[in-house]
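Before any comments, here is the structure.
What follows draws every value from the coordinates through simple rules; no lab data is involved. Since the model is a prediction, treat every value here as computed from it, not as a measurement. Quick reminder, even Gly has a Cβ in these numbers, built from the backbone with ideal geometry, and neighbours come from all protein chains shown.
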Amino acid sequence: MRARILLVVALIALLAACAVEQMRNKETILEETLKTYAATIRWGDMTQAIAFVDPKYREAHPMTALDLARYKQVQVTAYNDAPATPISDNEVRQVVEIGLVNINTQTARSIVDKQIWRYDEADKHWWLTTGLPDITRHD
């Protein structure tokens, strides 16, 4: 009887450890994703940044040649990100202030990008569900 109780306790501990490891893994993937996305935006490589955007969003809002041309007219000078805050088990919100300089006029400004990231359990991947930063806004 005592052996069964020890076995049940060991199984519960193992399951709890697996759940903690899975959560830590999801958080690690989120940290790596946000770090890589930030670096991609800092370098101004929007053709690479689009790969972070949720495929459903990309399908509904395809990037046009005009969109790409607009991104090429600015240089990113700052990417000040606040820590991501959970919305639900599989979604987080992050607010980022992005500094921009128009390469033609040398006019500096900043925008606030309110991002929502969704975790895809099947692919173990975080997707940006709000699209790339809207650089046409003037905050």
Dimensionless Rg/Rh of segment 17-97, both radii on Cα and Rh by Kirkwood, sits at 1.03
Mean Cβ-within-10 Å packing, highest first, puts peptides 91-99, 77-85 in the order 91-99, 77-85
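With a Förster radius of 30 Å, plug the Cβ-Cβ distance of VAL101 and ASP123 into 1/(1 + (r/R0)^6) and report the FRET value to the nearest 0.05. Show your work: numbers first, answer last.
Numbers: r = 36 Å, r/R0 = 1.20.
E(calc), rounded to 0.05, equals 0.25.
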Between the alpha carbon centres of segment 82-139 and segment 56-78 the gap in Å comes to 13
Amide H contacts under 5 Å for VAL53, restricted to residues at least 5 apart in sequence or on another chain and with H modeled in the peptide plane, are LEU128
Label model pair THR136, THR36: point-to-point distance (7 angstrom along the Cα→beta-carbon line) in nm is 3.0
For segment 78-88, Karplus-derived ³J(HN,Hα) couplings (6.51, -1.76, 1.60; θ = phi - 60°; whole Hz; x for glycine and proline) come out as 7, 9, 9, 9, 7, x, 5, 10, x, 9, 8
If ASP113, ASP89 are placed from fewest to most neighbouring beta carbons inside 10 Å, the sequence is ASP89, ASP113
The answer for the net charge of residues other than GLN115 whose Cβ lies under 13 angstrom from its Cβ, with Lys and Arg +1 and Asp and Glu -1, is -3
Applied in sequence order to segment 127-136, the curve 6.51 cos²θ - 1.76 cosθ + 1.60 (Karplus, θ = phi - 60°) yields integer Hz couplings, x standing for Gly and Pro, of 10, 7, 9, 10, x, 5, x, 8, 7, 7
Under 14 Å by backbone N from the virtual spin label 7 Å along Cα-to-Cβ at VAL112, the residues of segment 65-81 are 80-81
